[in-house]
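Okay, structure first, notes after.
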Amino acid sequence: MSTVDHPATTATRTIGVAVAVPDPYGSELQKHRRSFGDPLADAIPTHITLLSPTEVAEGEMPYAEQHLIRVAEAGHPFRVHLRGTATFRPVSPVVFVAVVEGIANCEVLASTVRSGPLLRELSYPYHPHVTVAHDLPDDALDRAFEELADYDVTFDVTAFGLYEHGPDGLWRPQRDFVLGGPLPGPEPDEGVGVFA
C-alpha cells in the first residue's frame, strides 16, 4: 500500500479589531444606515475600526491575542466625540460620522494593535470614523451626508473588541479587551456582517 503526500495547508482565520459604538448610539446609527438602503446595515455592528480584516494563521492566534492583551493593559480609557459627517469620495464611496475628539487615542491604539504579530501595511493613512453609508448610489450617499450633518454624541471607550470573519461572511465578536483593566474571557456571539 502506498501513501500519497499532500501539500501541507495552513489554516487561517480572518480577524478584525474595533471599538464598538455603544447603544443607544450604535443602534441609532445602524437604523440610519438601514434607512439609506445600505445592505450591510443589519449585518454589521456600528464601530470604529482599529485593524481592518487581517488573515492570521491558526497557530498564530494565541500570540495575536496575547499581543492584544498587552495593548489593552498598556492603554487607558478615553472619550470619543462623534459630530457631523464627512466622506472619502471620490476615492471611496463612503459617508461617515466624524470623530472630533479621541482621534489621537484611536490613532495610537490602532498603531499599537497593528504591530508585533498583527503588523500590516495600510493602503491609506489611518483615519478613525464611523461608516454610515458604503458603496451606495450618489443620491443615497448625499442623503446620508445631509441627514447626519448635525449628529453629535459623546461616549467613553473602555475596551476594544476582537472579531472573526466566518465562512458564512459574517463577523462575530470573540472577546473584549478592557483598557487598563482586567480582561473577561471569550464571549462568542451571533454573527454580525462585514467591516466597512
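Its DSSP H runs of at least 4 residues, each contributing -39,500 (n - 2.57), put the calculated 222 nm mean residue ellipticity of the chain at -7000 deg cm²/dmol, to the nearest 500. Relative to the longest principal axis of the Cα atoms of the chain, the long axis of helix 103-113 makes an angle of roughly 10 degrees. When the Cα positions of PHE88, TYR126, HIS76 are compared along the charge dipole of the chain, HIS76 comes out farthest toward the positive end, with charges on each C-beta of Lys, Arg, Asp and Glu. Rounded to the nearest 20 debye, the dipole magnitude of the chain is 340 debye, with +1 charges on Lys and Arg beta carbons, -1 on Asp and Glu beta carbons, and the Cα centre as origin. Have a look at PRO62, ALA20, SER111 and report the one farthest towards the positive end of the charge dipole of segment 13-178, computed about the Cα centre with Cβ charges (Lys/Arg +1, Asp/Glu -1). About the Cα centre, the residue reaching furthest to the positive side is PRO62.
What net charge do the residues around PRO128 carry, taking every other residue with its C-beta under 12 Å from that of PRO128, with Lys and Arg at +1 and Asp and Glu at -1? Mind showing how you got there, number by number?
Numbers: positive: none; negative: GLU101, GLU107.
With Lys, Arg at +1 and Asp, Glu at -1, the net is -2.
Sum up the charges of everything whose Cβ sits under 11 Å from the Cβ of PHE155, counting Lys and Arg as +1 and Asp and Glu as -1, but leave PHE155 out. Could the numbers behind the result be given before it?
Details: positive: ARG79; negative: ASP23, GLU101, ASP156.
Local net charge: -2.
The relative contact order of the chain, computed from alpha carbon pairs under 8 Å that lie at least 6 residues apart in sequence, is 29 percent.
Only the coordinates and a few stated rules stand behind these numbers; no lab work does. Computed from a predicted model, the values in this text were never measured in an experiment. Virtual Cβ from ideal backbone geometry, glycine too; neighbours counted across all protein chains shown.
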